[in-house]
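Working notes for the structure below.
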Amino acid sequence: MLFNHLLPAAFALLPALVSAENVLELTPSNFDDVVLKSGKPALVEFFAPWCGHCKNLAPIYEELATNYLHAKDKVTIAKVDADNHKSLGKKFGVQGFPTLKWFDGKSDTPKEYDSGRDLESLQKFVQEKSGVKAKVKAKLPSQVVILDDKSFKETVGKDQDVLVAFTAPWCGHCKNLKPTWEQLANTFTNEPSVVIAQVDAEAENSKALAKEQGVSSYPTIKYFKKGSSEALPYEGARAEADFVEFLNTNAGTHRAVGGGLNAVGGTIEVLDTIVSKSKGAYASGLEEAKKAAASLQDKYAQYYVKVFEKSSANEGYAQKEYKRLQGLIGKGNLAAEKLDDLVSRSNILQKFLPTGDEDEKSEL
């Protein structure tokens, strides 16, 4: 549905949540001019879209490129889809993903990057090779909750769902996870029922906790359902989308990658069923909707009743109100809570739009 395409546009207006891609994409048609003949050095990642390690590196590599935007006339941060452009991977001896190579801009004999894949290590390498220092932008305060022996017991098993990463300061995989974990915490910052947490398993005030939880490798990620101290090990992939899907499934949330709500946020299944049964004759479903809403402890239950009432009196109410809310969303500059509310109400209104009324939606 068109609404699903409108949300990303709205989120793009929130710079703290979503940023444009700054890594230069290379193909056989531009590779030589950009990398081999420009006289400008370049760090090039050879990746494959299906590669899990590449997905983990992606946010780190994007941040690296962002931190070198000020010096794009002096050094290039680029990538090649070597699964799609196999000729380039073969030309430079790429045998696994991701492979990072440093080109001096004058020859076709690169140096393979074999150090850490955390941001600090990458920035140090680029600075040493190019003489150009990264320009790190000020960051918002972290939304990741740091837990220790004491605060863990005060947080887990209470009234919040908690996803915890047990890490160690020296762990390379933990460093790779860090930017994704920060993004995940930002995505759920407006979800008070969910905590994105971290435990330094080697800190003196956390060692007992790590031992108690049976942590033997890093990072170890565990999920604790609200009201339970029994852990569910997280064994999925480590891209933000994977964590968001896991939490939506287990915590009952409806978050979208990068922040905001997905197309289900705010909707209530039992009331959606009544809307569907009414088939546009909303006066006939009003009393059933009122009865169902009265038994629900959901702040949007009464909004369904309101739309039933308004639609009963005015056949075009849902379409007009949906357009109005989309206009507000499109203007941007909305606080996160306000955006969530507008998206939730828009999602509900969509349930009342005539089935197959694509012309109505395409105007938005």
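What the table shows:
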| item | result |
| --- | --- |
| Crossing angle, helix 240-251 versus the chain [Cα axis fit, 0-90 degrees, rounded to tens] | 30 |
| ASP159 versus LYS338: modelled label distance in nm, points set 7 Å from Cα along the beta carbon direction | 2.8 |
| For LYS72, solvent-accessible area (1.4 Å; no DNA, RNA or ligand), Å² | 140 |
| The chain, helix-only ellipticity at 222 nm - DSSP H runs n ≥ 4, -39,500 (n - 2.57), divided by all residues, nearest 500 | -13000 deg cm²/dmol |
| Total charge dipole magnitude, the chain, about the Cα centre, Cβ charges on Lys, Arg, Asp, Glu only, Debye to nearest 20 | 600 |
| 1.4 Å probe accessible area per residue over region 24-130, in Å² | 49 |
| Highest-MSF residue in the chain out of VAL257, VAL44, VAL136 [GNM, Cα springs under 10 Å] | VAL136 |
| With Cα atoms, 0 to 90° folded angle of helix 282-294 axis to the chain main axis | 70 |
| Hull volume in cubic angstrom per residue (convex hull over the Cα atoms of region 19-173) | 145 |
| Net length gained if the chain between ARG324 and THR109 were fully extended (0.36 nm per residue, minus Cα distance) | 71.6 nm |
| Nearest-0.05 FRET efficiency for THR249 and ALA313, computed from C-beta distance (R0 35 Å) | 0.35 |
| Positive dipole terminus of the chain, leading residue within LEU339, LEU69, LEU24 (C-beta point charges) | LEU69 |
| Bridge type composition, region 119-206 - antiparallel percent by DSSP, nearest 5 | 0 |
| Förster radius 30 Å - calculated FRET efficiency between TRP170 and VAL136, Cβ distance, rounded to 0.05 | 0.85 |
| Separation of the TRP102 and LYS207 label points, Cα + 7 Å toward Cβ, nm | 3.7 |
| Rounded to 5, the percent of DSSP beta bridges in the chain classed as antiparallel | 45 |
| Area accessible to solvent at GLU269, 1.4 Å probe radius, in Å² | 150 |
| Candidate residues LYS306, LYS101, LYS74: accessible-area rank, largest first, probe 1.4 Å | LYS74, LYS306, LYS101 |
| Choice from PRO354, PRO179, PRO219 showing the highest fluctuation, given a GNM over the chain with Cα pairs closer than 10 Å | PRO354 |
| Among ASN176, VAL156, VAL126 the positive-end extreme of the charge dipole of region 101-196 (Cβ point charges) | VAL126 |
| Full-stretch length increase - ASN22, LYS279 - with 0.36 nm per residue and alpha-carbon distance subtracted | 87.8 nm |
| Simple Cβ-charge dipole of region 269-352, Lys/Arg +1 and Asp/Glu -1, about Cα centre, in debye nearest 20 | 260 |
| The chain shape via C-alpha gyration tensor axes, a/c threshold 1.5 | oblate |
| Label-point separation in nm, LYS150 to LYS74, each point 7 Å along Cα→Cβ | 4.7 |
| Along principal axes, Cα extents of region 269-352, largest first, whole Å | 39, 28, 16 |
| Whole-percent carbon and sulfur share, accessible surface of region 103-210, 1.4 Å | 49 |
| Beta bridges by DSSP in region 145-251, antiparallel share as percent, to the nearest 5 | 45 |
| On Cα atoms only, tilt of 119-130 relative to the major axis of the chain in degrees | 40 |
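The values are calculated or read from the model by the stated rules, or taken from the named source; none is laboratory data. Note that the structure is a prediction, hence the values are computed from the model and not measured. Glycine gets a Cβ as well: all are built from the backbone with ideal geometry, and neighbour counts include every protein chain shown. Surface accessibility is based on the protein's heavy atoms, side chains included, excluding ligands, DNA and RNA. Shrake-Rupley method; radii C 1.70, N 1.55, O 1.52, S 1.80 Å.
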